[in-house]
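Chemist: Starting off with a structure, shown below.
The values are calculated or read from the model by the stated rules, or taken from the named source; none is laboratory data. If you're wondering where the values come from, they're calculated on a predicted model, not measured in any experiment. Cβ placement follows ideal geometry from the backbone for every residue including glycine, while neighbour counts extend to all protein chains displayed.
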Amino acid sequence: MALAVVLGLLPAIVAAKIDIAVEGLSSSLEANVRAYLTLTRYADRDDVSGQTLSRLTRRIRGEVADALKPFGYYDPTSRYETKRTEAGWQVTIEVEPGSAVRFSDVDIALEGPGAEDPKLLALREDGQLKPGRRLSHGAYDRKKDDLLRVARNRGYVEAKLTRHELLIDLEARRATANLTLATGPRYSFGDITISQDVLRPDLMNRLIRFEEGEPYSLDALLTTQYALDDSQYFSTAEVQTGAIDREAHTIPVTIFAQPGKKHRYTASVGYGTDTKARGRLAWNNRRINDRGHRSEVELTASSVLTDISARYIIPIDDIALEKLEGGGGWKREELGDLISTQLGAAVGITEILGNWQRVLSVYVVEEESRLPESARRDFLIIPAISYATLPFGKIGWQPRRWTLFAELSGSPSTFGSDASYLRFRAEAERIFDIDQNWHVRLRGQLGASWVADFSELPASQRFFAGGDRSVRGFALNELSPVDGDGNRIGARHLLTGTVELERNLPRNFRGAVFYDIGNAINDFNDPLEYSVGVGLRYQVAVVSLGVDVAQPLSESGRGPRLHLFMSALF
């Protein structure tokens with residue numbers, strides 16, 4: 001403490017910033033200590049005098065003790081040292097948290113009509129609170145909140161905690177938690193009133209995710225709101241509950257929906273090392289009639305792709321998710337040293353099967369596959385079936401942390417196609433949250449084709465690797481087998497994978513380090529290319545930016561490659 005007295009005697013005009021080091025604690029405990037320290041709020045100020053610093057450091061022991069109590073540490077020992085450096089002040093805090101208080105008894109009781117509800121029983125037994133675990137005030141409070149949230153979401157809208165006790169014996173270092181949830185009666189949906197003049201009533205009803213008489217559920221209200229918003233038929237849609245009927249145990253619902261603009265025009269521009277400058281124009285007619293029919297016309301252009309397409313969409317069954325559509329278009333695409341030009345038409349039906357979206361389609365196309373020295377033209381009839389995970393918000397309010405897409409297609413000569421082949425491709429992505437700021441992203445691609453004579457496989461059906469969304473460090477579609485003239489002609493199969501560690505940064509930035517591996521190959525025993533790199537991402541409402549620098553490791557003598565992605569939506 002003598003040092004603190006000396007600091008207090010320094011002239012008030014001596015001022016500098018404060019560097020704080022906390023030692024002896026885990027990252028979560030250290031973060032809470034820093035949040036409690038008054039000293040933290042002065043760390044970036046440049047007007048901290050010795051006298052002010054002395055006053056702030058006298059609070060350290062009490063604030064450290066308060067910061068550790070929510071984690072079960074009630075008797076910590078802390079000491080600190082303050083030094084003057086060229087950059088400012090250095091405050092080092094050493095903490096010994098001591099022995100933690102642990103739960104000795106946990107009693108969570110359910111009473112009332114919901115006592116046997118499976119969701120509540122699962123929550124009671126999930127192990128967040130159990131004997132032997134270190135006391136956590138946060139876990140105790142979350143358990144209280146979760147019991148009430150789940151009960152009310154399940155229709156027990158009068159649920160309340162009739163007992164909530166946390167008893168702590170500091171001498172014995174033990175805690176007892178007692179919680180009793182009285183669920184009260186389970187409510188159901190009452191009268192449903194819909195006010196809108198956009199769709200026929202029978203079609204509008206298909207957007208509603210609940211029925212009169214079903215158990216009341218907040219999730220059902222939320223998914224209905226998502227369906228209305230995502231349908232594109234309405235400018236605003238509100239799902240409101242009315243006054244509850246305590247005698248009938250019902251809750252009425254009123255839905256108000258205003259028509260959206262019939263025509264929607266969008267444009268986007270961007271730049272990427274794969275595509276160079278690119279742009280997209282689209283026109284949607286979102287309300288052709290009261291049966292929900294829509295049409296879309298789109299133009300996409302870049303240095304490697306030109307695509308003009310039109311579609312007519314007829315909603316079926318669940319009109320927010322299921323549809324019958326037909327359309328056609330013209331596309332020119334550079335694939336390695338091949339140029340694919342396609343003119344065709346397609347018809348498809350999209351259906352929902354549980355948590356999956358299935359698409360059955362048939363594509364009829366005339367395709368030219370051109371190399372510098374030769375060209376081939378094929379007439380193809382391509383039936384296909386694909387499965388994909390439903391996007392966020394379609395089946396609940398929780399964001400999806402994984403996605404999967406798989407497609408099987410082919411062009412049998414028995415249908416009149418010039419080429420006969422079978423093709424499979426799949427893409428998957430999974431995000432793991434280490435904590436609030438650190439994340440691991442896994443991404444992979446798998447492709448395979450079966451064809452008697454590879455030269456008969458059209459350019460658009462061959463596999464290539466390399467580029468921003470593939471094996472970085474290599475150019476777009478650079479990874480491919482070559483023919484006798486050195487042309488990159490694509491492969492029968494594809495295999496790529498990515499492991500990416502991401503860190504959230506201030507102001508909507510995100511940093512990343514990654515490892516990519518993969519190749520377009522004719523045999524699954526062929527060697528794979530691989531690279532490592534670092535990246536920076538930035539994204540706000542209509543603007544996204546990504547910069548990656550990747551170094552190939554599988555080929556000696558190659559330097560790092562910059563991958564740049566920018567886009568803006570209008």
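Chemist: Within the range 91-110, which residues are in contact (Cβ under 8 Å) with a residue 40 or more places away in the chain and either at positive phi or hydrophobic (A, V, I, L, M, F, W, C) (or both)?
Modeler: Val91, Ile93, Val95, Ala100, Val101, Phe103, Val106, Ile108, Ala109, Leu110
Chemist: Of everything in the range 97-152, what is basic (Lys, Arg) and over 29 Å from the mean Cα position of the chain (by Cα)? Give them in sequence order.
Modeler: Arg102, Lys130, Arg133, Arg134, listed by residue number.
Chemist: Sticking with this structure for a sec: Within the group Ile385, Ile349, Ile381, Ile314, which residue is in contact with a helix residue (DSSP H, G or I) (Cβ under 7 Å, 6 or more places away or on another chain), more than 12 Å from Ala459 (Cβ to Cβ) and free of Cβ contacts under 8 Å to residues at least 40 places away in the same chain? Steps first, please.
Modeler: Numbers: Ile385 fails: in contact with a helix residue (DSSP H, G or I) (Cβ under 7 Å, 6 or more places away or on another chain); Ile349 fails: in contact with a helix residue (DSSP H, G or I) (Cβ under 7 Å, 6 or more places away or on another chain); Ile314 fails: in contact with a helix residue (DSSP H, G or I) (Cβ under 7 Å, 6 or more places away or on another chain).
Result of the check over Ile385, Ile349, Ile381, Ile314: Ile381.
Chemist: Looking for whichever is within 23 Å of Ala277 (Cβ to Cβ), out of contact with any Ser or Thr (no Cβ under 7 Å at 6 or more places or on another chain) and aliphatic (A, V, I, L, M) here; the options are Leu536, Leu528. Which one fits?
Modeler: Just a single option satisfies the conditions, and that option is Leu536.
Chemist: Given the structure, is Arg206 under 30 Å from Pro315 (Cβ atoms) and of a type in the set (Lys, Arg)?
Modeler: Here the answer is yes, as Arg206 does meet what is asked.
Chemist: What do you reckon, is Asp523 under 30 Å from Ser411 (Cβ atoms) and in a loop (DSSP other than H, G, I, E, B)?
Modeler: Yes: the conditions hold for Asp523.
Chemist: Just checking, which of Glu334, Glu298, Glu322 is charged (D, E, K, R) and either in contact with a His (Cβ under 9 Å, 6 or more places away or on another chain) or closer than 23 Å to Gln196 by Cβ (or both)? It would help to see each step written out before you state the result.
Modeler: Details: Glu334 fails: either in contact with a His (Cβ under 9 Å, 6 or more places away or on another chain) or closer than 23 Å to Gln196 by Cβ (or both); Glu298 fails: either in contact with a His (Cβ under 9 Å, 6 or more places away or on another chain) or closer than 23 Å to Gln196 by Cβ (or both).
Of Glu334, Glu298, Glu322, the one residue that is charged (D, E, K, R) and either in contact with a His (Cβ under 9 Å, 6 or more places away or on another chain) or closer than 23 Å to Gln196 by Cβ (or both) is Glu322.
Chemist: Now for a separate question. Of these, Arg441, Arg401, Arg469, which one is under 20 Å from Gly497 (Cα atoms) and either more than 16 Å from the chain's Cα centre (by Cα) or in the same structural domain as Arg206 (by TED's automatic domain parsing) (or both)?
Modeler: Going through Arg441, Arg401, Arg469 in turn, just one is under 20 Å from Gly497 (Cα atoms) and either more than 16 Å from the chain's Cα centre (by Cα) or in the same structural domain as Arg206 (by TED's automatic domain parsing) (or both): Arg469.
Chemist: Answer yes or no as to whether Ala159 is surrounded by fewer than 19 Cβ atoms within 10 Å (Cβ to Cβ) and aliphatic (A, V, I, L, M).
Modeler: So Ala159 fails the test.
Chemist: Turning to a different aspect of this structure: Within the set of pairs 6+ apart or on separate chains, which have a first residue in the range 532-553 that is of a type in the set (Gly, Ala, Ser), a second that is at pLDDT below 90, and C-beta atoms under 7 Å apart?
Modeler: Partner pairs satisfying both residue conditions: Ser544/Ser567; Gly546/Phe565.
Chemist: Next question. Tell me which residues, restricted to the range 286-325, are of a type in the set (A, V, I, L, M), assigned to a loop (DSSP other than H, G, I, E, B) and either touching an Asp or Glu at 6+ places or on another chain (Cβ under 9 Å) or closer than 15 Å to His263 by Cα (or both).
Modeler: Those that are of a type in the set (A, V, I, L, M), assigned to a loop (DSSP other than H, G, I, E, B) and either touching an Asp or Glu at 6+ places or on another chain (Cβ under 9 Å) or closer than 15 Å to His263 by Cα (or both): Ile288, Val304, Ile316, Ala320, Leu321.
Chemist: Right, something else. Being farther than 25 Å from Val542 by Cβ and in contact (Cβ under 8 Å) with a residue 12 or more places away in the chain, is that true of even one residue in the range 259-270?
Modeler: no
Chemist: Determine, yes or no, whether Ala448 is at pLDDT 95 or above, within 26 Å of Asp307 (Cβ to Cβ), assigned to a strand (DSSP E or B) and of a type outside the set (S, T, N, Q).
Modeler: Judged against the criteria, Ala448 is a match.
Chemist: Which residue out of Phe210, Phe234, Phe189 is within 28 Å of the chain's Cα centre (by Cα), among the aromatic types (Phe, Trp, Tyr) and within 30 Å of Lys144 (Cβ to Cβ)?
Modeler: Phe210
Chemist: Counting only residues that are assigned to a strand (DSSP E or B) and either of a type in the set (D, E, K, R) or closer than 30 Å to Leu161 by Cβ (or both), how many does the range 65-117 have?
Modeler: Residues flagged as assigned to a strand (DSSP E or B) and either of a type in the set (D, E, K, R) or closer than 30 Å to Leu161 by Cβ (or both) within the range 65-117 amount to 16.
Chemist: Another question, if that's okay. Would you confirm whether or not the range 238-250 contains a residue that is farther than 14 Å from Leu207 by Cβ, of a type in the set (D, E, K, R) and out of contact with any strand residue (DSSP E or B) (no Cβ under 8 Å at 6 or more places or on another chain)?
Modeler: Checking the range 238-250: at least one residue is farther than 14 Å from Leu207 by Cβ, of a type in the set (D, E, K, R) and out of contact with any strand residue (DSSP E or B) (no Cβ under 8 Å at 6 or more places or on another chain).
Chemist: Return the residues of the range 471-494 that are within 19 Å of Gln551 (Cα to Cα) and in a strand (DSSP E or B); say none if nothing qualifies.
Modeler: Once the filter is applied, which keeps residues that are within 19 Å of Gln551 (Cα to Cα) and in a strand (DSSP E or B), the range 471-494 yields only Leu479.
Chemist: Let me ask something else about it. Can you tell me which of (1) closer than 24 Å to Ala520 by Cβ; (2) more than 33 Å from the chain's Cα centre (by Cα) is the one Phe379 doesn't meet?
Modeler: The failed condition is (1).
Chemist: Then there's this: Among the residues of the range 58-87, count how many are among the small types (Gly, Ala, Ser) and surrounded by fewer than 18 Cβ atoms within 10 Å (Cβ to Cβ).
Modeler: Of the residues in that region, 2 qualify.
Chemist: Okay, moving on. Could you grab me the full set of residues in the range 521-547 that are within 28 Å of the chain's Cα centre (by Cα) and aliphatic (A, V, I, L, M)?
Modeler: Correct list: Val532, Val534, Leu536, Val540, Ala541, Val542, Val543, Leu545, Val547.
Chemist: To continue, here is another question. Please enumerate the residues belonging to the range 547-566 that are within 27 Å of Val269 (Cβ to Cβ) and either surrounded by fewer than 13 Cβ atoms within 10 Å (Cβ to Cβ) or of a type in the set (D, E, K, R) (or both).
Modeler: Within the range 547-566, Asp548, Arg561, Leu562 qualify.
Chemist: Restricting the search to the range 186-207, which residues are touching a helix residue (DSSP H, G or I) at 6+ places or on another chain (Cβ under 7 Å) and either surrounded by fewer than 19 Cβ atoms within 10 Å (Cβ to Cβ) or modelled with pLDDT of 95 or more (or both)? Show your work before the answer.
Modeler: Applying the first criterion (touching a helix residue (DSSP H, G or I) at 6+ places or on another chain (Cβ under 7 Å)) to the range 186-207 yields 194, 196, 207.
Within the range 186-207, Ile194, Gln196 meet the criteria.
Chemist: Go through (1) surrounded by fewer than 13 Cβ atoms within 10 Å (Cβ to Cβ); (2) of a type outside the set (Phe, Trp, Tyr); (3) within 30 Å of Trp283 (Cα to Cα) and name the single condition Leu569 misses.
Modeler: (1)
Chemist: With respect to Glu211, determine if the residue is exposed (fewer than 13 other Cβ atoms within 10 Å of the Cβ) and among the charged types (D, E, K, R).
Modeler: yes
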